[in-house]
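Note sheet for the following structure.
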Amino acid sequence: MKLARNIQDSFDYLPTLNNMGYMSPSLDQIQLAFVNESKRNSKGRFLDIGCGFGVATLPLVNEGCHVIACDLEARHLEVLNEKIPAEKKSLITLEQGHFPNEICLPENSVDNVNLSMVLHFLPPSVIRKTFTTIFKILKGGGKLFLTTSSPYQATLSSFLPTYESKRELYEWPGYIADIAEYVPQRAHLLPKMNIVFCVNELKRLATKFGFYVLDATFFSRVGIPEDLRLDGREYSGIICEKPREASVVFLEKNKAAPPTQAANIR
Ligand SMILES: C[S@@+](CC[C@H](N)C(=O)[O-])C[C@H]1O[C@@H](n2cnc3c(N)ncnc32)[C@H](O)[C@@H]1O
């Protein structure tokens with residue numbers, strides 16, 4: 001099956017096969033940091049959540065690193081599998097399913113996690129579970145590399161005043177119940193509900209779930225479509241670390257914590 005070649009030939013920004021947005025065919029700066037940091041540890045075990053066609057997984061596998069690549073969409077994993085040379089196949093574990101609801105990994109078993117352009121499609125309760133689960137499965141000192149769409153995209157300009165009015169007051173100021181209201185031309189390629197994040201919201205979330213934030217930045221991506229392009233802040237990214245010692249205490253302390261209210265979701 002030559003699905004991979006057809007897809008590569010046809011597009012710059014690649015649409016997902018399950019209407020979960022787009023993938024850039026090149027690494028952005030946060031994904032590049034994931035790859036560069038991870039490949040220094042050839043004995044490590046890395047997790048790429050929502051790996052798509054494997055833009056971040058492939059360079060690591062080609063460097064001889066072991067990657068667990070998971071995605072909701074089996075066809076994405078099929079494309080990725082086609083691109084892996086036969087002699088590297090033993091380095092990849094393909095997991096089709098929903099993270100965190102269906103993909104289960106042992107605690108303290110993963111060295112770094114890549115979560116690129118996935119979080120903005122998850123509802124608040126799943127976002128909380130995602131952070132908690134990643135925190136558990138990472139080894140102490142392991143890092144999470146995370147990117148999302150930001151509210152500063154040209155297609156979201158009519159949403160921006162709503163976002164700005166909520167950003168200091170609400171837990172999820174970037175919550176968009178129906179993306180078709182703001183991006184009708186792309187709505188058929190996106191999940192209905194989206195939550196866009198600025199850098200501060202990502203930092204707040206990561207900190208709340210026990211991570212230590214190492215870096216946080218807005219950024220743009222190579223090949224960004226013109227109707228998304230605004231001013232270089234189209235995406236938000238953070239790199240955060242599970243502290244080596246505090247982790248067990250943090251998990252114990254938060255076991256019985258009641259879920260916080262999503263103030264802007266009524
Ligand atoms: C916009 S694409 C990003 C792909 C890749 N990470 C990248 O940055 O180019 C989002 C991907 O995440 C997958 N995805 C969305 N929600 C997921 C979930 N809960 N668990 C696993 N994969 C998910 C989608 O199937 C899709 O392949």
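None of the figures in this text is laboratory data; all of them are computed from the coordinates on show. A quick note: this is a predicted structure, and the numbers were derived from the prediction, not measured. Cβ placement follows ideal geometry from the backbone for every residue including glycine, while neighbour counts extend to all protein chains displayed.
Would you kindly give the portion of the calculated P(r) for segment 74-192 that falls above 25 Å, as a percent of all Cα pairs? Everything past 25 Å amounts to 40 percent. For residue 157 and residue 187, the difference between the fully extended length at 0.36 nm per residue and the C-alpha to C-alpha distance is 9.2 nm.
Here are some pairs, 129/192; 166/192; 39/129; which of them have Cα atoms lying more than 24 Å apart in this structure?
Values: 129/192 20 Å; 166/192 20 Å; 39/129 28 Å.
Too far apart for the 24 Å limit: 39/129.
At a Förster radius of 25 Å, what calculated FRET efficiency corresponds to the Cβ-Cβ distance of residue 125 and residue 214, to the nearest 0.05? Working shown, then result.
Details: r = 27 Å, r/R0 = 1.07.
It comes out at approximately 0.40.
Computed on segment 3-253, with alpha-carbon pairs under 8 angstrom and 6+ residues apart, the relative contact order is 19 percent.
Full extension of the chain between residue 107 and residue 41 yields a length gain of 21.8 nm, computed as 0.36 nm times the residue separation minus the alpha carbon distance. In the neighborhood of residue 122, defined by Cβ-to-Cβ distances under 10 Å, what is the net charge if each Lys or Arg adds +1 and each Asp or Glu adds -1? My count for the surroundings of residue 122 gives +2. From the Kirkwood radius over Cα pairs of the chain, Stokes-Einstein at 25 °C and 0.890 mPa s returns a whole-number translational diffusion coefficient of 130 µm²/s.
222 nm [θ] for the chain, helices only, -39500 (n - 2.57) per DSSP H run of 4+, per residue, to 500? Can you show the working numbers first?
Numbers: 8 runs with 74 residues, N = 266.
Helices in the chain give a 222 nm mean residue ellipticity of -8000 deg cm²/dmol.
Note on segment 1-141: Rg/Rh from C-alpha atoms, Kirkwood Rh, equals 0.94. Ranked by how many other Cβ atoms sit within 10 Å of their own Cβ, fewest first, the residues 189, 119, 14, 146 fall in the order 189, 14, 119, 146. With a simple spin-label model that places each label point 7 Å from the Cα along the Cα-to-Cβ direction, the separation between residue 26 and residue 81 comes to 3.1 nm.
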